[in-house]
Each structure stands twice: as structure tokens, then as C-alpha cells.
Amino acid sequence: AAAMVQTTGSSVAKTVDLKQISNLPLASRNAIDFLTFLPGVQTASTNRNSIVNGLPQASINITIDGLSVQDNYLKSSDGFFARMSPRLDSVEEVTVTSAANGADSSGQGATQIKFSTRSGSNQLSGSLYHYYQNDALNTNTYFNKRDNLAKPDVLLNQYGGRLGGAVVIPKVYDGHNKAFFFVNYEEFRQPNT
């Protein structure tokens, strides 16, 4: 259980684990999109335009396992965007520190978004999924009907899977409690005209 009062540090941080992330109602599989649900995050239009605690987007730093994945060329105008977006099945937890960062990360930005990827364990576990969207399954929007516009074409196939566990080679090597593996694959197909 987490301590009620943190006495070892003054940072304002929230750690969200895998169970909390997977239970959120997201329209995409991008793990950054769920951050808009956290306190202190303001989203005026799209998720990429979000800011944290009213600070400019240049104050946001996004890392995955300690490696910066943020687009530093557009950081002042698109700070809530990562070049390599973390996918839901590859993320174990995320920590968002929005004030009083520690000495290990204070020079990188006022708001730290730190993703940690999953890893293997002694138990073999995995998942498979396929998300499918088609305009045949949707109705036209109110504004398109009002303006006598056709329903937009939508075709999306997004599928993938993950697998993790102990490295075991029968009769050669048993990696339980020693060596683990984790792999995640996702493919996104959305043809457009």
C-alpha cells in the first residue's frame, strides 16, 4: 500500500499502473491519450494540444524507460506528442510528475511523463487483439447531415499481440528466476483516398 504522506520527497507525482490504464475508455491504443484524464491536464481541443498545470508545452518531457521519445523540434508547439508512441500492451506503468521534480530530472522539463515498459516473468502471459472500424457500422454525423455531405469513408484494421515469460529451452536451459523475454507487436492499417 502507498503511504498517505510522502516524507522522502516533495515532488507532486501520480503513478498509474497497467490495470488502471487498460480500464480507461480510449478511442485509440496510444498510451499518451489516457494522460488527458489525469488531474492538472487541460485539453482544449485534441489530445496533442494538451498542457499540464497551465505551463507551456515546451515544459513537458516524455520518456520511455529513461529514453526521451519526444519530438524536440516541435516541442514548443506540440509538446504532448512522442516520436515513438507507447502502445497500451507494452506499458507497465506511467508516472507523471507535475511539480517539484527531483534532481534526476529537473533539468529536462517542469512536467515529467515517464513510461515503463513491461517485462517478462516466470509466468508465460500474452494477449491478441484486433480493432476494426468501418463506415458501414456508423451513421453520418449531425453536421454532415445538416450540410448534405456524404458519410466519410472509414476503414481501420489495428491488430497485434504481446508475449512475455521466462526463457526456457527444453533440456538445455531453464531461465525461471534468471532470464526473461517480452515482445510486443502492433500493426495499424488505415487506407485513405
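Just for the range 45-71: of the residues that are among the polar types (S, T, N, Q), assigned to a loop (DSSP other than H, G, I, E, B) and touching a Ser or Thr at 6+ places or on another chain (Cβ under 9 Å), which one is most open to solvent (accessible area, probe 1.4 Å)? Per the criteria, the residue is Asn53.
Yes or no, residue by residue, for (1) at pLDDT 85 or above; (2) out of contact with any Asp or Glu (no Cβ under 8 Å at 6 or more places or on another chain):
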| residue | (1), (2) |
| --- | --- |
| Ala82 | no, no |
| Gly109 | no, yes |
| Lys145 | yes, yes |
| Gly165 | yes, yes |
| Phe180 | yes, yes |
| Glu186 | yes, no |
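Checking each residue in the range 25-44 for being open to solvent by 30 Å² or more (accessible area, probe 1.4 Å), in contact with a strand residue (DSSP E or B) (Cβ under 9 Å, 6 or more places away or on another chain) and small (Gly, Ala, Ser) picks out Ser28, Ala44.
The set of residues in the range 150-166 that are under 25 Å from the mean Cα position of the chain (by Cα), open to solvent by 40 Å² or more (accessible area, probe 1.4 Å) and in contact (Cβ under 8 Å) with a residue 40 or more places away in the chain contains only Arg162.
When Asn134 is tested against the conditions (1) open to solvent by less than 40 Å² (accessible area, probe 1.4 Å); (2) within 18 Å of the chain's Cα centre (by Cα), the lone failure is (2). Kindly provide the set of residues from the range 84-107 that are modelled with pLDDT of 75 or more, in a strand (DSSP E or B) and open to solvent by less than 40 Å² (accessible area, probe 1.4 Å), ordered by number. Those that are modelled with pLDDT of 75 or more, in a strand (DSSP E or B) and open to solvent by less than 40 Å² (accessible area, probe 1.4 Å): Val91, Val94, Thr95, Val96, Thr97. How many residues, within the range 134-193, are out of contact with any Leu (no Cβ under 7 Å at 6 or more places or on another chain) and in a loop (DSSP other than H, G, I, E, B)? The qualifying residues number 23. If I go through the range 35-76 residue by residue, how many of them are of a type in the set (Phe, Trp, Tyr) and touching a residue at least 24 places away in the same chain (Cβ under 8 Å)? Looking only at that region, the number is 0.
The values are calculated or read from the model by the stated rules, or taken from the named source; none is laboratory data. Fair warning: this is a prediction, and the values are worked out from it, not measured in the lab. Note that we place each Cβ from the backbone using ideal geometry, even for glycine, and neighbour counts take in every protein chain shown. What goes into the accessible areas is simple: the full protein's heavy atoms, side chains included, and nothing from ligands, DNA or RNA. Shrake-Rupley method; radii C 1.70, N 1.55, O 1.52, S 1.80 Å.
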